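What follows is a set of notes on a single structure, which appears directly below.
Quick note: the coordinates plus some simple rules give every number you see, no bench work behind them. Keep in mind the model is a prediction, meaning the values are calculated, not measured. Methodologically, a virtual Cβ is constructed for each residue, glycine included, from the backbone with ideal geometry; neighbour enumeration extends over all protein chains shown.
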Amino acid sequence: MVANPLRWYVVALILLLLPTTARGQAAKKVGVPDQGLVIGDVYTLRAERQGVHERFKGNLVKLNNRWIVLRRTAEHRADEKSSSHGLFPFISRKSNSEPANRVDELLWIPRDAATVESHTQATDHTATFLPTGDAPPEHAACDVQLVHAGKSLRRQGGIEAVSGDSITVSVPKKVKTNFAVPSTPEKLASISTTNLNRVETHYVRQHLATRDILCVHVVNFDVSSFETVP
């Protein structure tokens, strides 16, 4: 007679724990699902790494098992410290008197970091832009937002290589050149202040882990549509 109450107690305990286990398994499912996503529609995505998050909004133009890609038009002002004009010289050919330049860019967001916060249907899908490739393109200038040691960082440079777990970026760094002491008074007199303060641009190769990346910004433009610099 004692076995039956004990058995029912065990069964009741298992049933009580089932919803908690199911919730725990559901919580492990991260990233944007396939169901319901429509190419061309406008989405607001929340990308999160190590408790740090950013929101990105644009038209959905590509989706695969690693990346979700939004296309948006953003304004970059010439006085912004984080401006990518130095990386994209074709964008800076307009008059400097303009308060801001409108930049058409692709946002490559790691799928496992993204969740959908809002969705708006597009009124017209006929002109949907579909980028080629299944990852951020190599040999393209980029602005990478990432999280390292709980801090939000940015790395601007050129993409050298993309693998399943990392992106290799060449990041420009300003370096002062060594000043050679003139051997004669004549050479000393001929030195200009420009030579004394000469700075060169060196490139440092950095490997950025995909697990730390929030978004890779890549400007979308056709080089052939710009005039040649005289």
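Things worth noting here:
- Near ASP143, once Lys and Arg are set to +1 and Asp and Glu to -1 for all other residues with Cβ below 10 Å from its Cβ, the sum equals +1.
- Segment SER118-ALA209, length gained on full extension (0.36 nm per residue, minus Cα span): 30.0 nm
- Projected label points at HIS53 and THR201, each 7 Å from Cα along the beta carbon direction, are separated by 3.7 nanometres.
- Distance (nanometres) between label positions extended 7 Å along Cα→Cβ at LYS174 and PHE129: 3.1 nm
- In this simple spin-label approximation, GLU75 and LYS151 carry label points 7 Å from Cα along the Cα→Cβ vector, and these lie 3.1 nm apart.
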